[in-house]
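Undergrad: This structure is in structure tokens; I'll ask about it shortly.
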Amino acid sequence: MRKIGLIGGISWVSTADYYKLINEGINEKMGGLNFSECLIYSFNYSDIKKNNETNNWDSTFEMLFKGCQFLKSGGAEAIVLCANTMHLIADRLEEAIDLPLIHIATATAVEIEKQEIKKVGLLGTKFTMELDFFTDKLKAKGIEAIIPESQDDKDFIHTTIFEELGRGLVTAETKKRYLEIANQLIERGAEGIILGCTEIPLVIKPEDLSVPVFDTTLIHSKAAIEFQLS
């Protein structure tokens, strides 16, 4: 089994999901008492958020690079960033650390392509929805991504990711609003919905919507499992 390194704490809630999903997946494939050989470097989310709010991605890069170095020194053969937004600096990190970085958007694009879907709705932080680091990976597969039109909707998603979901808090009111936003994207032609933040699966489940739901946490975890067993 190949050893992987997880960059976590962004947030701890989804990092726990990654650990659970990867270990369950390894055991499902190998049986017995076989589980994932992995390392986790978990950050204080508050430090990352401060950098991002001031658009100080260089400081975030330095923090994550040191975390990756720690994982590499422990024998990690690939890096998994346990958050969509952090993939804004994924290509830069991969080059600097000189290890494969299992990209969440690339893995997601492959899964969408398998279902022959060409137009999807994307929900995530403002960084993920508005910048091109995620959507470029979709475009490379001929997939168009649409995001909420309303600034209020984008602000709501962004704020609740940090203030509620990233703390493990889920309310019926928040779930209702997320589903309304997702259904608006479906009305605009989305054939599937990407849960483009690793905390959004807390509020949107596959059975909640009339189109396929692409859970990036689950997809990314499966890609990590495939690497470990390759």
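The values are calculated or read from the model by the stated rules, or taken from the named source; none is laboratory data. Not measured: the values here are computed from a predicted model. Positions of Cβ are backbone-derived with ideal geometry, glycine not excepted, and every protein chain shown enters the neighbour counts. In case anyone asks, the SASA skips ligands and DNA or RNA and just uses the protein heavy atoms, side chains included. Shrake-Rupley method; radii C 1.70, N 1.55, O 1.52, S 1.80 Å.
Undergrad: Share of the chain's accessible area from carbon and sulfur, percent, 1.4 Å?
TA: With neighbouring chains kept in place, the figure for the chain is 49 percent.
Undergrad: Of the listed values [x] 30, 18, 17; [y] 27, 20, 17; [z] 25, 20, 19, identify the label whose number matches semi-axes √(5λ) of the Cα gyration tensor in Å calculated from this model.
TA: So the structure-derived entry is [y].
Undergrad: Which order do the peptides 79-91, 113-125, 130-142, 165-177 take when ranked by the mean count of other beta-carbon atoms within 10 Å per residue, highest first?
TA: 79-91, 113-125, 130-142, 165-177
Undergrad: Could I ask something else about it? Rank these by accessible area, largest first, 1.4 Å probe: Tyr19, Tyr178.
TA: These residues rank, largest area first, as Tyr19, Tyr178.
Undergrad: Now for a different question. For the chain, report the accessible area per residue in Å² (1.4 Å probe, heavy atoms, rounded to an integer).
TA: On a per-residue basis, 45 Å².
Undergrad: If the only charges are +1 at each Lys and Arg Cβ and -1 at each Asp and Glu Cβ, what is the size of the charge dipole of the chain around the Cα centre, to the nearest 20 debye?
TA: 400
Undergrad: For every helix of n ≥ 4 consecutive DSSP H residues, a contribution of -39,500 (n - 2.57) applies; sum these over the chain, divide by its total residues, and give [θ] at 222 nm rounded to the nearest 500 deg cm²/dmol.
TA: -15500 deg cm²/dmol
Undergrad: Oh, and also: Compute from the Cα atoms of the stretch 1-118 the Rg and the Dmax, the latter being the longest Cα-Cα distance, and quote both in angstrom.
TA: 15.0, 48
Undergrad: Still on this structure, please answer the following. Going down the list Lys49/Lys118; Lys72/Lys139; Lys66/Lys222; Lys50/Lys222, which pairs span over 29 Å between their C-alpha atoms?
TA: In this structure, Lys49/Lys118; Lys72/Lys139; Lys50/Lys222 exceed 29 Å between Cα atoms.
Undergrad: Here's a follow-up. Could you work out the relative contact order of the chain? I mean the mean sequence separation of Cα pairs under 8 Å and 6+ apart, divided by the number of residues, in percent.
TA: 25
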